[in-house]
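This report refers to the structure that appears directly beneath it.
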Amino acid sequence: MMLIQIIRKFNLLILTLFVLSILSFSLVYLFPGDPLVNLTGLKDVSPETRQYLLELHGFDGSYIYQYWLYLNNLVEGQWGLSFSSDKPLWEEISQTLPASMELSAYALLLSLIIGVPAGFLAGFQHYKQSDYSLLAASVIGYSMPVFWLSLIMILVFSLQLGWFPLSGRISLLFDIPHQTGFTFIDIFLSDFEFKDAAAMSALQHLILPTLSLTIVTASIIFRITRRSVIDVMASQYILTAYTRGLSSLQVVFRHGVRNALIPIIPIFGMQFAVLLTNAMIVEVIFSWPGIGNWLIQAIYQRDYPAIRAGMLAVSTIVIIVTVCTDLFAKLLNPALTGERRAQI
Amino acid sequence: MALLDIKNLTLEINGSTGWIKALDKVNLRIEEGEIRALVGESGSGKSLIVRAVVGAIPENWRLTADRLTWKGRDLLKISQSERRKIMRSEIAVIFQNPVASLDPSSTLGEQLIESIPGHILKGKWFWQRSKHKQQIAIKLLHKVGIKDHKKYLKAYPNQIADDIGQKFLIACALVSSPQLLIADDPTRGMEITTKIQILKLLSQLNKTRNLSILFVSHDLLAISSMANKMTVLYCGQTVEDGKMEQLRKRPLHPYTKALLDSAPSFRKDLPPKSPLSTLDGTIPTLQHLPIGCRLGPRCPRAQRECVKVPELRYVQDHFYSCHFPLIREKE
């Protein structure tokens, strides 16, 4: 049963990725301009090279043959060149994507740490003052636009109070070689002399963008959790557990928490997509060298190969995260294991 | 002394149009060893009475009563923990829709074992105690007629049938050998064969353990086969209360009569293909309750006096609340 679930989710992942790769391949033709240029990113090539490239990418064959070669190139990491920088796209993406993932992961983690306990608190205190005040706070947090919030944060904490740096990922004083793309791991791996100072600087740079993302996401997670807790606590089995003479604490911890969490974990996974979109905006404002910033620059400059590759990379990440959380929630739910009773 | 004694229980719900009396001066008494049926249409407040007794009333509802006592102790005045103690050891409840009454994410065994109170366990060490818990659980399952305990103790609620679920809940209820079992429509939506099994189990428990049962249902056939006494509820008001045979033979309240007439199995003289008798209209919604006797607009015998709530009257131990009871026809 467990294995079937895993295989099923894996199938879903493969199929979705397949459709995505078809979409990204069709963009080669759908974007304006020469398909060969859109695919390789090489402009102004000599006729001989052009002939060679046409053959290399199978432009003399059918679309299906071209798609097959495209898939092979994707797997080998030959995603073409960027118009604007003339660098390989794979290299650019592998530098920018970890920065975005780092930002989103910290924001998601912080949102979970704030949102879930607050949601439980409000759910258990339903109809009471603390519930209403937390709910009011979440409405405020939920309705603030991310870009506006980031700008206000910069205005207050960077410009007026001067507590945090304005932009970037780490102070320019520190020259940390790029290895994994995750700042803290890179700092740890480097043989740099002042690791503490570098980590401190990275942390300071991280706080404002993470906070701007967290406020919105935590409000959403809070609201989802609260609703789920209220629904579970009003359910028949909680009432029955009380009538069986269990104490409130026993009821809440043995029957409340797990049942409230099971349905909402996949929803948290879905929130990751929203979070990544918000992260793109935040990256632009904080000049965070992430994929969102990079992609928006590519869109400004009509860098078609970059748009194609960036779209593919971002959507792949989103799909993998969604499917994984889905699978995780399924595995966490013990009621799904073992034989099931047929329903009429 | 009565086990459970309820006098003038009123439950108000804060609706959009102000406070609504969902239960209006309800009276109910359960003696030791009797099976009392609580009968009424859906929405008449049967389940609310159950919730009031077990204390599962949301904080935004208002509960008042002249008397709500369990063996002489006022349930409204004692503390939460004392009340929980009573619920744990003396009163047990089973609900309609048994599968929904079980936590979907833990096994039946876990749920049965956690309701075993600590003081009845033998052994000093936790392994001895947990072994004893297992033994108690298995014994209880056998008692309620679940033979395949190995399979069901490990099952999750979504894997079991309704009747197994209800038997299992009865097993949970019997853990602490209670004196009163409140069964809130335990056979709703069950097939006739499983229903009979559950009803037989309940009457057997009543005889062998001297267990009092408050049987809440609208299934008159099931009730008449097992109950000694009956309380009829309409729209949150008790309309009649008395011994089962007396009520069946000669109902005093027009509603009780209509209720009994509406069940074809009670009318042997009913010719085939004749229309079944019903009261006109439907049970009013909580927002549009009539004043006075709530049956008023639907009652075939209603007169001007019915806008006042009738006093509770009685003939021997047969209580009714009506200005124009069916008794007058005989005079």
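The values are calculated or read from the model by the stated rules, or taken from the named source; none is laboratory data. Predicted model, so just to flag it, every value in this text is computed and none were measured. A quick note on method: Cβ atoms are made from the backbone with ideal geometry, for glycine too, and the neighbour counts reach across all protein chains shown.
So, in region B:157-200, exactly how many residues are facing another protein chain (nearest Cβ under 10 Å), over 24 Å from residue B:107 (Cβ atoms) and modelled with pLDDT under 80?
0
From A:83, A:164, which residue is under 30 Å from residue A:19 (Cβ atoms) and either outside any helix (DSSP H, G or I) or of a type in the set (S, T, N, Q) (or both)?
On the way: A:164 fails: under 30 Å from residue A:19 (Cβ atoms).
The conditions single out A:83.
Conditions (1) within 26 Å of residue A:137 (Cβ to Cβ); (2) in contact with a Pro (Cβ under 6 Å, 6 or more places away or on another chain); (3) more than 10 Å from every other protein chain (Cβ to nearest Cβ); (4) among the basic types (Lys, Arg), marked per residue:
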{"position": "A:214", "(1), (2), (3), (4)": "yes, no, yes, no"}
{"position": "A:223", "(1), (2), (3), (4)": "yes, no, yes, yes"}
{"position": "A:239", "(1), (2), (3), (4)": "no, no, no, no"}
{"position": "A:244", "(1), (2), (3), (4)": "no, no, no, yes"}
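Among residues belonging to region B:80-105 that are more than 7 Å from chain A (Cβ to nearest Cβ) and not in a helix (DSSP H, G or I), point out the one that is modelled with the lowest pLDDT.
So, considering only residues that are more than 7 Å from chain A (Cβ to nearest Cβ) and not in a helix (DSSP H, G or I), the one modelled with the lowest pLDDT is B:96.
For region A:38-63, what are the residues that are polar (S, T, N, Q) and without any contact (Cβ under 8 Å) to a residue 12 or more places away in the chain? Outline the logic, then answer.
Initial filter on region A:38-63 (polar (S, T, N, Q)): A:38, A:40, A:46, A:49, A:51, A:62.
Once the filter is applied, which keeps residues that are polar (S, T, N, Q) and without any contact (Cβ under 8 Å) to a residue 12 or more places away in the chain, region A:38-63 yields A:46, A:49, A:51, A:62.
Could you tell me whether residue B:25 is more than 11 Å from chain A (Cβ to nearest Cβ), outside any helix (DSSP H, G or I) and exposed (fewer than 15 other Cβ atoms within 10 Å of the Cβ)? Even if it seems obvious, please write down each step before you answer.
Numbers: more than 11 Å from chain A (Cβ to nearest Cβ): yes; outside any helix (DSSP H, G or I): yes; exposed (fewer than 15 other Cβ atoms within 10 Å of the Cβ): no.
When the stated conditions are applied, residue B:25 does not pass them.
Tell me yes or no: at least one residue of region B:110-122 is farther than 18 Å from residue B:176 by Cβ and touching a residue at least 12 places away in the same chain (Cβ under 8 Å).
no
Give the number of residues within region B:239-295 that are of a type in the set (Ser, Thr, Tyr) and assigned to a loop (DSSP other than H, G, I, E, B).
Residues of region B:239-295 that are of a type in the set (Ser, Thr, Tyr), as a first pass: B:255-256, B:262, B:265, B:274, B:277-278, B:282, B:285.
From what's left, assigned to a loop (DSSP other than H, G, I, E, B): B:274, B:277-278, B:282, B:285.
Total satisfying the criteria: 5.
For region A:216-321, list the helices (runs of 4 or more DSSP H) that sit wholly inside it and hold at least 2 residues that are within 16 Å of the chain's Cα centre (by Cα) and buried (at least 19 other Cβ atoms within 10 Å of the Cβ); which are they?
Qualifying helices (runs of 4 or more DSSP H): A:257-285, A:291-300.
Just to be sure before I move on: is residue B:44 surrounded by 19 or more Cβ atoms within 10 Å (Cβ to Cβ), within 14 Å of another protein chain (Cβ to nearest Cβ) and in a loop (DSSP other than H, G, I, E, B) in the structure I sent? If you could, list the steps in order and put the result at the bottom.
Details: surrounded by 19 or more Cβ atoms within 10 Å (Cβ to Cβ): yes; within 14 Å of another protein chain (Cβ to nearest Cβ): no; in a loop (DSSP other than H, G, I, E, B): yes.
Answer is no for this residue.
Does any residue of region B:108-116 turn out to be away from chain A (no Cβ under 12 Å) and either crowded, with 18+ Cβ neighbours inside 10 Å or more than 24 Å from residue B:36 (Cβ to Cβ) (or both)? Quick ask: steps written out before the conclusion?
Just the residues of region B:108-116 that are away from chain A (no Cβ under 12 Å), to begin with: B:109.
Adding the requirement that they be either crowded, with 18+ Cβ neighbours inside 10 Å or more than 24 Å from residue B:36 (Cβ to Cβ) (or both) leaves B:109.
Looking through region B:108-116, at least one residue is away from chain A (no Cβ under 12 Å) and either crowded, with 18+ Cβ neighbours inside 10 Å or more than 24 Å from residue B:36 (Cβ to Cβ) (or both).
Being in contact (Cβ under 8 Å) with a residue 24 or more places away in the chain and more than 17 Å from residue B:38 (Cα to Cα): is that true of residue B:309 here?
Yes; evaluated as a whole, the condition is true for this residue.
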